[in-house]
Amino acid sequence: MAAANSLMAITWNLALTGGPLAAALLVAHWGYGAAYTVDSVLFLFALLMTAMAYVTNVYQLLALRILQGLCGGFVAASTALVVSMSPKEEIPFTVGLFQTAMIVGGATGPMIGGFIADAFGFRAAFMLTAALVLLAGVVVYFGIPNHQPAQPAAGKRTGGMAGWRAIVGAPGVALVYGLRFVNGLGSNMLLPV
């Protein structure tokens, strides 16, 4: 069982790594219309969670988790949405609050899901998650007037590796990326155990 958990965690995290990179390259080359919006990813998550409720073996779950991981650009897209809706002087507070909500949800979700799975079965936990994610998608779609981050100006867009080199070459960015990697490695290293 530990090997299956490790395989699930590794492949999901690799897909989660590839999703934002692919989304960033799509946005850099073709603009936000080519990538996904926050609401569309939430609707896709709800569909994937519903499908996960009906898997019959670990390989089906693995395939769905990989698809879920490929939507990893959701965090970046939703952060961009939050920033685009915030007054400039409130951006640090808004991003901090957004990150806190994500961390608290990530910390409490498995515990609540475990209670639900113990009481009603795994299918109920997946279906409740799907319902909550669908509700969030509906709220974003109908409740936020512009639920797609603003398009960068045509002349401001840098595509592909040139854009990445400019970002990573900025003072301190490579260090922050490295520290974030070490933090993620340390906090996730013992998950399969």
*In the stretch 31-57, which residue that is among the small types (Gly, Ala, Ser) and modelled with pLDDT under 85 is surrounded by the most Cβ atoms within 10 Å (Cβ to Cβ)?*
ALA35
*Which of (1) assigned to a loop (DSSP other than H, G, I, E, B); (2) modelled with pLDDT under 65; (3) farther than 30 Å from TYR54 by Cβ; (4) of a type outside the set (S, T, N, Q) is the odd one out, the single condition HIS147 does not satisfy?*
(3)
*Residues located in the stretch 64-92, provided they are more than 30 Å from PHE126 (Cα to Cα), among the small types (Gly, Ala, Ser) and touching a helix residue (DSSP H, G or I) at 6+ places or on another chain (Cβ under 7 Å)*: SER86
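From ILE116, ILE112, ILE144, grab the single residue that is without any contact (Cβ under 8 Å) to a residue 12 or more places away in the chain and either surrounded by 11 or more Cβ atoms within 10 Å (Cβ to Cβ) or under 19 Å from the mean Cα position of the chain (by Cα) (or both).
ILE112
Please state which one of ILE91, ILE10 is among the hydrophobic types (A, V, I, L, M, F, W, C) and at pLDDT 85 or above.
ILE91
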*Every residue from the stretch 85-108 that is exposed (fewer than 13 other Cβ atoms within 10 Å of the Cβ) and either in contact with a Pro (Cβ under 9 Å, 6 or more places away or on another chain) or β-branched (Val, Ile, Thr) (or both)*: THR100, ILE103, VAL104, THR108
*Note down all Cβ pairs under 6 Å where the first residue falls in the stretch 85-104 and is in contact (Cβ under 8 Å) with a residue 12 or more places away in the chain, the second is part of a loop (DSSP other than H, G, I, E, B), and they're at least six residues apart or on different chains.*
THR94/SER86
*Go through the residues of the stretch 76-84 one by one and say whether even a single one is touching a residue at least 40 places away in the same chain (Cβ under 8 Å) and not in a helix (DSSP H, G or I).*
no
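The values are calculated or read from the model by the stated rules, or taken from the named source; none is laboratory data. Every value quoted in this text rests on a predicted model; they were computed, and no experiment measured them. Because the Cβ atoms are built from the backbone with ideal geometry, glycine has one as well, and the counts that use them run over all protein chains shown.
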